Amino acid sequence: MSNDFFSMRGIVKQYRMGDEVQTILKGIDLDIEEGEFLSVLGPSGSGKSTLMNIIGCLDTPTSGTYILHGRTIRDLDQKELAHIRSREIGFIFQQFQLLPRLDALKNVELPLVYAGVPPRERARRAEEMLVRVGLKDKLHHNRNQLSGGQQQRVAIARALATNPTILLADEPTGALDQTTGEQVMELFEELHDEGRTIVMITHDLKIARHGSRIVNILDGVLSEGVSAYD
C-alpha cells in the first residue's frame, strides 16, 4: 500500500555513457512518514546523491513511481516541479551555498523572493527563522563574518523560510568540525521534535544515528538498517 505523503516504488536511474548504460539506482522502494527524521547512509558512489536529487525533484527517475503529497511526480510539468522545489522542499547543502555579497537576512529571504512574498513579509519571516536557529545577533553579518557553523545555521534558516513539507539535507555537517557538527545536529533534532520531516543524506554513521530511522544505500540498492557499516 502506497504512502500518499512520500512513496517510491521501483525507482531506477540509468545514465548512458557512450555505448554503455550505467544503472545508479536499482529498484528503490522507500516510504517516509510525515514528521519522520530519516537518515540515508552510504559511502561515496553508492547512489545516495542521485537518490537525493530525485527526492528533491532536481532529477527524474528512468523508471518507477514517486508519489509526494498524493501527486505522481512523473506526471508533473517543469513549472509544477519548480513550484515543489521552491515551496515544498527546503534544501540544505554541505557547502552552505550562501551568496557572499548578501547578509544573513537577505540570504534567508532569497527563496521568499522567488516565491513572490512581499518585501516586508519576507523580511519578517527571514528574521523569525534566523532567531529560531540562534542567530538573532547575526542578521546583518555577511558570509565572511560568520563561522562555518553559523553559515550552516543561516542555510537551515533559509531552508525553513518557505515552511516546506520536507527538509532535505545533503551531508549537512561535512564541512564542519566535529563539535560544530554535533551542535548543528542538535538543531536538526529540535526541528524534528517540532514535527518537521527531515531527510538527511550522509556517509557518517555517527551523524546518521541522530535520525529516527536509518536506511542504508550501497551500489544503488536500499535496505533498512546499517548492516553494511557495522
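The values are calculated or read from the model by the stated rules, or taken from the named source; none is laboratory data. In this text, all values refer to a predicted model and were calculated from it rather than measured experimentally. Virtual Cβ from ideal backbone geometry, glycine too; neighbours counted across all protein chains shown. The protein model used for the area step is the full one, side chains on, heavy atoms only, and it has no ligands, DNA or RNA in it. Shrake-Rupley method; radii C 1.70, N 1.55, O 1.52, S 1.80 Å.
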Would you mind finding the one in Arg85, Arg122 that is assigned to a helix (DSSP H, G or I), basic (Lys, Arg) and in contact with a Cys (Cβ under 7 Å, 6 or more places away or on another chain)?
-> Arg85
Test Met185 against the stated conditions and say whether it is within 15 Å of Ile92 (Cα to Cα) and open to solvent by 20 Å² or more (accessible area, probe 1.4 Å).
-> no
Mind listing whichever residues of segment 126-146 are out of contact with any Asp or Glu (no Cβ under 9 Å at 6 or more places or on another chain), surrounded by fewer than 17 Cβ atoms within 10 Å (Cβ to Cβ) and in a loop (DSSP other than H, G, I, E, B)?
-> Gly134
Give the residue that is nearest to Ile198 (Cα to Cα), with candidates limited to residues of segment 147-170 that are open to solvent by less than 20 Å² (accessible area, probe 1.4 Å) and assigned to a loop (DSSP other than H, G, I, E, B).
-> Pro164
Residues within segment 171-182 that are of a type in the set (Gly, Ala, Ser) and either open to solvent by less than 30 Å² (accessible area, probe 1.4 Å) or in contact with a helix residue (DSSP H, G or I) (Cβ under 7 Å, 6 or more places away or on another chain) (or both), tallied = 2
Answer residue from segment 188-222, given it is out of contact with any Leu (no Cβ under 9 Å at 6 or more places or on another chain) and of a type in the set (Asp, Glu) and is least open to solvent (accessible area, probe 1.4 Å) among those | Glu189
